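First comes the structure, then the notes that go with it.
The values are calculated or read from the model by the stated rules, or taken from the named source; none is laboratory data. This one's a predicted model, so the numbers in the text were calculated from it and none came from an experiment. With ideal geometry, Cβ positions are generated from the backbone for all residues, glycine too; neighbour counts draw on all protein chains shown. Just so you know, the surface numbers come from the protein's heavy atoms only, side chains and all, with ligands and any DNA or RNA stripped out. Shrake-Rupley method; radii C 1.70, N 1.55, O 1.52, S 1.80 Å.
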Amino acid sequence: MQNQLFLRALSAHKTGQAELTEVLVQQILALNPRHPEALHLLGMLKLQRGNPAAALDPLSKASEIQPRNWVFLADLAQALFALQQFAQANAAFRAAAKLNRDNPELQINAANCLALQGKPAEAEYALRKTARRFPATASVWFNLANTVYDQGRFEEAMPLYQRSARLAPEWCEPCNHLGRAFHAAEKFDEAAQAYRQCLALAPAHLPAMCNLASVLMDGGSFTDAEMVCLDILKQAPDFAEAHLMLGSARGFQGRETEALDSYAEAARLDARNPRAVAALGMALYQAGRSDEAGTQFGIALKLAPDFPGIREFLAYTHLAHGAFKAGWREYAQRPARAKFLAENTGVALADHLPENLRGKRVLVLREQGLGDELFFLRFAVELKMRGAHIAYRSHAKLYDMLARVPALDQVLVEGEPLPPADFTLLIGDLPSALDMRPGLPPPLALAPLPHLIDTLQQRLAALGSPPYLGLTWRGGIAPEAQRGAHWALFKQIPLQQLGDKLQSIEGTFLALQRNPMPGEIEGLGTRLGKPVHDLTALNEDLETMLALLALIDEYIGVSNTNVHLRAGVGGTTRVLVPSPPEWRWGAAGEESPWFPGFRIYRQTPDGNWDGALKRLCDDLLESTKKGAAS
């Protein structure tokens, strides 16, 4: 009777009648609780229904009754694996593999259990043994490649994925994972090719489509990435990740309004995803809607308090609106600080400094770019006022001029041993550590070298008559020229439009742009209708640039290192501020509290420069009239 019932149960199981199968199996077990095949079948039913916990008991009993049945042991291992009991699953897979030595998948699964226990080297060793025994099995090489990849050895994983793909040319996963290895090694063209090979085998493979969109963006091919995202959304219109990537692709093309719509849709579809909420916040910030952005950043932080980067952008929104105490508190959580701590485990950074620092040695370490270095050094004066002895580790390009700053007792460069200190800080931590009282410190005063002043006065006189106007039109690296997932800040104003607006301005124009593109200076001169003198090489010698900026009558351009040098010599700048503005230029207004006397000309959130450049031209005309009258 039991055999007849079991045959009926098997037949019902094969035809997909799960409920009837279980009824029949329970009848068998009522007659014989130790019927191994019925126990096994009951366990498989539970496992197939997604309930590995319920499957564990019958599968364990079946394996106890027939300990040499490799199928029972393998299915027990699958249940243990699903329950993330990887050590026990490994033991069960290995026991099954000993009973069926010709089945490589059992050995592969056992090795994967080792990897999931955090034992990648042991997993790799086991898989290499299996690969030697089964060299024609694609899945062995695929899983070996995964183990090598997971250990960060991307270049070594590539030929393993390629071997797997050759052995199973109809299998798409080796191509997708090969793309991931190329991608991780920043070989973007090769990665894109591998992802496309995967999609040729499986056109609807969503992970490969997402990977392709991602690598196209990392390689600067934003239009192609957008097309892939749209293809994904045809297949899965509610896939939040695709909307996120679409927002990025459109944003990098300067289509901020469309990007914002895509980020909003991603956040709507996946409101519990901190990445989606934070991306919406960043898009709102870029659209000039910083209040709304701050709200989204707050929501994202509640979802994931340690999510990287959110606190930095929240800091920017606070600082842009003048909420300095809250802004500096959040700025202290910036990724650059966390990166420094991870790379310098022997350095303890101070979070707070006392009011009285008399007799204390404070070591301040530079971070980020030259402009940030100069900006934050204004807070060193407060350190000196509190009585501190200050040692500062500087960028080599700034060493000589900073060595002349009275507030800095000792200036070092990279490679020099750090002196002993009572407190060590990153320069960006000074505002929060000092807990500054109301009132902002002025820019750090910098003294140009007298002999360079004399030399440059003669050089300017040879170029033309005053007023002397310095021009800079770009800062950072254009998105399409960048490579990788970490994007550097980029600022640019349209050069032809700038030239057209400045045609009516009299004076001697000086190009101070770092690394101008071929033909840019000549083209600007054509638009102006007068020569533009090329002094761009001075960017490599900041001492000379400092002296020049102390002499010229006007400096016009985007925010860059020269703006901070100009502030250091007491000059002013007419700053062209792209949208969204950097926090130091404020969310709105024509002046910044950090740079008294500077005039701000803002691009509108829709990308228009017309109004800003017209006001710039009007102000320059007024200024030159006053200069002529005096």
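Each residue in region 393-416 was checked for being among the aromatic types (F, W, Y) and either under 16 Å from V381 (Cα atoms) or touching a helix residue (DSSP H, G or I) at 6+ places or on another chain (Cβ under 8 Å) (or both), and 0 pass.
Looking across region 352-371 at every residue that is out of contact with any helix residue (DSSP H, G or I) (no Cβ under 7 Å at 6 or more places or on another chain) and under 15 Å from L430 (Cβ atoms), the one that is least open to solvent (accessible area, probe 1.4 Å) is identified as L363.
For beta carbons closer than 9 Å, sequence separation of 6+ or different chains, a first residue in region 523-542 that is closer than 23 Å to L402 by Cβ and a second that is open to solvent by 40 Å² or more (accessible area, probe 1.4 Å) and assigned to a loop (DSSP other than H, G, I, E, B), the qualifying pairs are N539/R514; N539/N515; E540/R514. Considering (1) within 26 Å of S290 (Cβ to Cβ); (2) assigned to a helix (DSSP H, G or I), the lone condition that S579 does not fulfil carries the number (2).
Summed over region 298-313, the residues that are over 16 Å from the mean Cα position of the chain (by Cα) and open to solvent by less than 40 Å² (accessible area, probe 1.4 Å) give a count of 4. Can you pull out every residue in region 198-214 that is touching a Lys or Arg at 6+ places or on another chain (Cβ under 9 Å) and open to solvent by less than 30 Å² (accessible area, probe 1.4 Å)? Across region 198-214, the qualifying residues are A208, L212. Checking each residue in region 410-427 for being open to solvent by 40 Å² or more (accessible area, probe 1.4 Å) and of a type in the set (S, T, N, Q) picks out only Q410. In summary, helices (runs of 4 or more DSSP H) completely within region 180-253 and bearing 3 or more residues that are under 28 Å from A168 (Cβ atoms) occur at 188-201, 206-218, 222-235. Scan region 335-351 for residues that are exposed (fewer than 10 other Cβ atoms within 10 Å of the Cβ) and assigned to a helix (DSSP H, G or I) and the total you get is 2.
The residues of region 7-17 that are touching a helix residue (DSSP H, G or I) at 6+ places or on another chain (Cβ under 6 Å) and closer than 15 Å to M44 by Cβ, listed by number, are A9, A12, H13.
Among the residues of region 373-387, at least one is free of Cβ contacts under 8 Å to residues at least 24 places away in the same chain and over 27 Å from the mean Cα position of the chain (by Cα). Restricting region 428-476 to residues that are among the hydroxyl-bearing types (S, T, Y) and crowded, with 16+ Cβ neighbours inside 10 Å leaves a set whose member that is nearest to K339 (Cα to Cα) is S432. Residues of region 408-431 being closer than 11 Å to L365 by Cα, in a loop (DSSP other than H, G, I, E, B) and not hydrophobic (A, V, I, L, M, F, W, C), which ones? Answer for region 408-431, where residues must be closer than 11 Å to L365 by Cα, in a loop (DSSP other than H, G, I, E, B) and not hydrophobic (A, V, I, L, M, F, W, C): just E414. Y601 passes every criterion in (1) of a type in the set (S, T, Y); (2) in a loop (DSSP other than H, G, I, E, B); (3) open to solvent by less than 40 Å² (accessible area, probe 1.4 Å) apart from (2).
Just a yes or no: is a residue in region 281-295 surrounded by fewer than 18 Cβ atoms within 10 Å (Cβ to Cβ) and outside any helix (DSSP H, G or I)? No, that holds for no residue. The single condition among (1) open to solvent by 50 Å² or more (accessible area, probe 1.4 Å); (2) more than 21 Å from N109 (Cβ to Cβ); (3) in contact (Cβ under 8 Å) with a residue 24 or more places away in the chain that Q193 does not satisfy is (3).
The residue that is modelled with the highest pLDDT, among those in region 572-591 that are open to solvent by 20 Å² or more (accessible area, probe 1.4 Å) and of a type in the set (G, A, S), is G589. If you scan region 126-173, which residues turn out to be open to solvent by 70 Å² or more (accessible area, probe 1.4 Å), outside any loop (DSSP other than H, G, I, E, B) and within 21 Å of K98 (Cα to Cα)? The answer is R128, K129, R132, R133.
If a residue must be farther than 30 Å from K339 by Cα and open to solvent by 20 Å² or more (accessible area, probe 1.4 Å), how many such residues does region 486-520 contain? Residues flagged as farther than 30 Å from K339 by Cα and open to solvent by 20 Å² or more (accessible area, probe 1.4 Å) within region 486-520 amount to 15.
Does L398 satisfy the criteria of being in contact with a strand residue (DSSP E or B) (Cβ under 8 Å, 6 or more places away or on another chain) and either of a type in the set (A, V, I, L, M) or over 24 Å from R334 (Cα atoms) (or both)? So L398 does not fit the description; no. If we scan region 317-332, do we find a residue that is surrounded by fewer than 13 Cβ atoms within 10 Å (Cβ to Cβ), free of Cβ contacts under 8 Å to residues at least 40 places away in the same chain and in a loop (DSSP other than H, G, I, E, B)? For region 317-332, residues surrounded by fewer than 13 Cβ atoms within 10 Å (Cβ to Cβ), free of Cβ contacts under 8 Å to residues at least 40 places away in the same chain and in a loop (DSSP other than H, G, I, E, B): absent.
Flag not set for A259, criterion: crowded, with 21+ Cβ neighbours inside 10 Å, under 22 Å from H177 (Cβ atoms) and aliphatic (A, V, I, L, M). I'm trying to understand the selection: among the residues of region 245-303, which are in contact (Cβ under 8 Å) with a residue 60 or more places away in the chain and either among the small types (G, A, S) or closer than 19 Å to C229 by Cα (or both)? Correct list: F252, G254, E256, T257, A287, G288, S290.
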